[in-house]
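Visitor: Got a structure for you, written out below as structure tokens; questions coming shortly.
The values are calculated or read from the model by the stated rules, or taken from the named source; none is laboratory data. Everything numeric here is computed off the predicted structure, so don't read it as measured data. Neighbour counts run over all protein chains shown; Cβ positions are idealised from the backbone, glycine included.
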Amino acid sequence: MASELTSPQPAPALRWSALLLNPWLLGLLVAAALLAVWWHAEGRFPPALAHLWQWSPALVRGMWTNIYISMLAMAIGTVAGLFVGALALSQWAALRSATRWYVQAFRNAPILVLIYFTTYVFPFELQLLHWRLPFPDWIKVVLGLALPTSAVVAEIFRGAIQSIPTAQWEAAQSLAFKRWQIFGWIILPQCVRRMLPPWMNLYASITMSTSLASLVGVHDIVDTAQIASNTVARTDFTILVYVTLLALFFAYCYPIARTTRRLEKRHAFR
């Protein structure tokens, strides 16, 4: 009887197939196989790998620049987006119309155009009384990425608010809750759960868009890879360094995507 109640264990073949389908393990196996073939063809340790090892600290510092820009852009865009999303729910039709135009304008604008826009619209230095303060390009890139972020966050926030059934507002009002109490204690906690998966997905997208920062002179990982490629001047190293860029962005963004999917499944029926 006990054997009938126990759940069947997966077959060893199924366990191995699931393990081999893991993208991390599959990537490591492919990289190891390519390295073995490359090593055998060269007859020695590939020089491109030696150059990559020398440039790896600079690439990591460049990747941190991209992450730093994405975090600042996401923070500024989230604060601005929550404010715009709240205005989109205003009782004034003119205010709702203005926020709708703001969201549509920056949500549908190409990110590269916005980065060029903020780069050349803002001055290279700010005059404050008798002092001149530099306005570096990386801050302009942050603002260029924060604009579409704020538009998307505003839509996410508005959609989360409107997804809450109106019966919850009416039930809370019947219990003599004030409007700010209803919003802060009942509505907002549910909105956070609904907003978190698309917000994380947006952050991964903004992180990948930071690769455009090198086009306006920011010394990020793409700019570092280009300098390294021009310095070493080897075709195999150029291919290897850009494959490394893909691996670094994948290693940072893939866990975010996996976490987003888990959160979506967890809150799908809540």
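Visitor: Could you tell me whether Gln127 is farther than 26 Å from Ile221 by Cβ, without any contact (Cβ under 8 Å) to a residue 40 or more places away in the chain and part of a loop (DSSP other than H, G, I, E, B)? Steps first, answer last, please.
Guide: Working: farther than 26 Å from Ile221 by Cβ: yes; without any contact (Cβ under 8 Å) to a residue 40 or more places away in the chain: yes; part of a loop (DSSP other than H, G, I, E, B): no.
The answer is no for Gln127.
Visitor: Anything in the stretch 158-189 that is modelled with pLDDT under 80, surrounded by 13 or more Cβ atoms within 10 Å (Cβ to Cβ) and under 25 Å from the mean Cα position of the chain (by Cα)? List them, or say none.
Guide: Scanning the stretch 158-189 gives a single hit, Leu188.
Visitor: The conditions are (1) of a type in the set (Ser, Thr, Tyr); (2) within 23 Å of Ile69 (Cβ to Cβ); (3) at pLDDT 90 or above, and Thr259 fails exactly one of them. Which is it?
Guide: Failing condition for Thr259: (3).
Visitor: Any residue in the stretch 82-100 that is in contact (Cβ under 8 Å) with a residue 12 or more places away in the chain sitting within a Cβ distance under 9 Å of a residue that is hydroxyl-bearing (Ser, Thr, Tyr) and loosely packed, with under 15 Cβ neighbours inside 10 Å? List the pairs, counting only those 6 or more apart or interchain.
Guide: Sorted first by the residue in the stretch 82-100, then by its partner, the pairs are Thr99/Ser90.
Visitor: Would you confirm whether any residue within the stretch 203-216 is touching a residue at least 12 places away in the same chain (Cβ under 8 Å) and on the phi > 0 side of the Ramachandran plot?
Guide: The initial filter retains those residues of the stretch 203-216 that are touching a residue at least 12 places away in the same chain (Cβ under 8 Å), namely 203-204, 206-216.
When the remaining residues are screened for being on the phi > 0 side of the Ramachandran plot, the result is none.
No, the stretch 203-216 has no match at all.
Visitor: Report, by residue number, each residue of the stretch 155-173 that is in a helix (DSSP H, G or I) and either on the phi > 0 side of the Ramachandran plot or of a type in the set (A, V, I, L, M, F, W, C) (or both).
Guide: The first filter runs over the stretch 155-173 and keeps only residues in a helix (DSSP H, G or I), leaving 155-163, 166-173.
Selection gives Ile156, Phe157, Ala160, Ile161, Ala167, Trp169, Ala171, Ala172.
Visitor: Say whether the condition of being closer than 18 Å to Thr119 by Cα and touching a strand residue (DSSP E or B) at 6+ places or on another chain (Cβ under 6 Å) is met by at least one residue in the stretch 134-154.
Guide: Within the stretch 134-154 (the criterion being closer than 18 Å to Thr119 by Cα and touching a strand residue (DSSP E or B) at 6+ places or on another chain (Cβ under 6 Å)), the answer is yes, since at least one residue qualifies.
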